[in-house]
Amino acid sequence: MLINASVYTNAIPVAIDDDINIPGPKARKSGTTSSLTNNKLVDTSGAFEQVIGANGVVSNQGVQVGQIVYNMTAAGTSAWEGPEAAVVTAIDSNTVLSLNKNIFPVVGAPSTTQQYKIYDANQALPKGAILYVGDKQGQNAEIKSDIFVKTIDGDDVFIQGVSAGETLDVVVQRVMVGTAANAGAGVPNTLTTAKEITAFI
């Protein structure tokens, strides 16, 4: 089967974050936490350290500083009904990673076991993504959403009136939280209200 070069071949759920690009899209590692510690990812089966044999052959790629961790369990609890993201800042051991923010635990999720995926950061010359907004705002298709994005060229754009099931035409590298309007300070509304966003890459 021939695939048109303009067709996107990967998809990833979007974690809304002001600083982290849409990563991946291929997950480098996935698993389930064995315990929960603030600003850490703990998994006794993690195998996070790279393993290089005596012959120089890498038998386990491990995890690298700068990669992105998704807490997939957060899709059931976050405001955007998607995962939460953090950056790996250190490989503490074969079973523990340090993160730049606390995404484990997720409030309302199981007390010790939360699913995660680890992706490449997609920072240098980031791949562009097309967004699909699956949110129906409580199953009311008449209610539209707003979304604040950073385009592939680095422009911050606030897109209003997005319908459920709509695919946006603009190519983006990040979906941002934004801020609510503050008329007294002259701050316009840029708050993302869209949910269940999927990135096609």
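Annotations
- Qualifying position, being farther than 17 Å from Ile118 by Cβ and surrounded by 14 or more Cβ atoms within 10 Å (Cβ to Cβ), among Ile52, Ile16, Ile22: Ile16
- Here Thr167, Thr151, Thr192 are screened, and the one residue that is β-branched (Val, Ile, Thr), buried (at least 16 other Cβ atoms within 10 Å of the Cβ) and either out of contact with any Leu (no Cβ under 7 Å at 6 or more places or on another chain) or within 24 Å of Thr9 (Cα to Cα) (or both) is Thr192.
- Subset of the stretch 85-107 [surrounded by 15 or more Cβ atoms within 10 Å (Cβ to Cβ), in a strand (DSSP E or B) and of a type outside the set (Gly, Ala, Ser)]: Val87, Val88, Ile91, Val96, Leu97, Leu99
- Test for Asp135: is it in contact with a Lys or Arg (Cβ under 6 Å, 6 or more places away or on another chain), on the phi < 0 side of the Ramachandran plot and of a type in the set (Asp, Glu): yes
- Ser45, sole failed condition from (1) under 17 Å from Thr198 (Cβ atoms); (2) in a loop (DSSP other than H, G, I, E, B); (3) in contact with a Ser or Thr (Cβ under 9 Å, 6 or more places away or on another chain): (1)
- Residues (without any contact (Cβ under 8 Å) to a residue 60 or more places away in the chain and either crowded, with 18+ Cβ neighbours inside 10 Å or in contact with an Asp or Glu (Cβ under 7 Å, 6 or more places away or on another chain) (or both)) located in the stretch 108-128: Ala109
- Criterion applied to Pro105, Pro126, Pro110 was being over 20 Å from Asn21 (Cβ atoms) and within 17 Å of the chain's Cα centre (by Cα), and the one residue passing it is Pro105.
- A residue that is more than 27 Å from Gln173 (Cβ to Cβ), in contact with a strand residue (DSSP E or B) (Cβ under 6 Å, 6 or more places away or on another chain), not basic (Lys, Arg) and not in a strand (DSSP E or B) cannot be found anywhere in the stretch 61-74.
- Residues that are part of a loop (DSSP other than H, G, I, E, B) and crowded, with 21+ Cβ neighbours inside 10 Å within the stretch 75-84 comprise Trp80, Gly82, Pro83, listed in sequence order.
- Output for the stretch 51-71, where each listed residue is at positive phi and modelled with pLDDT of 95 or more: Gly66
- Single unsatisfied condition, Ala185 versus (1) at pLDDT 95 or above; (2) more than 16 Å from Glu81 (Cβ to Cβ): (1)
- Of the residues screened, Ala47 is one that is at positive phi, surrounded by 14 or more Cβ atoms within 10 Å (Cβ to Cβ) and in contact with a Gly (Cβ under 9 Å, 6 or more places away or on another chain).
The values are calculated or read from the model by the stated rules, or taken from the named source; none is laboratory data. This one's a predicted model, so the numbers in the text were calculated from it and none came from an experiment. Ideal geometry is used to build each Cβ from the backbone, glycine not excepted, and the neighbour counts take in all protein chains shown.
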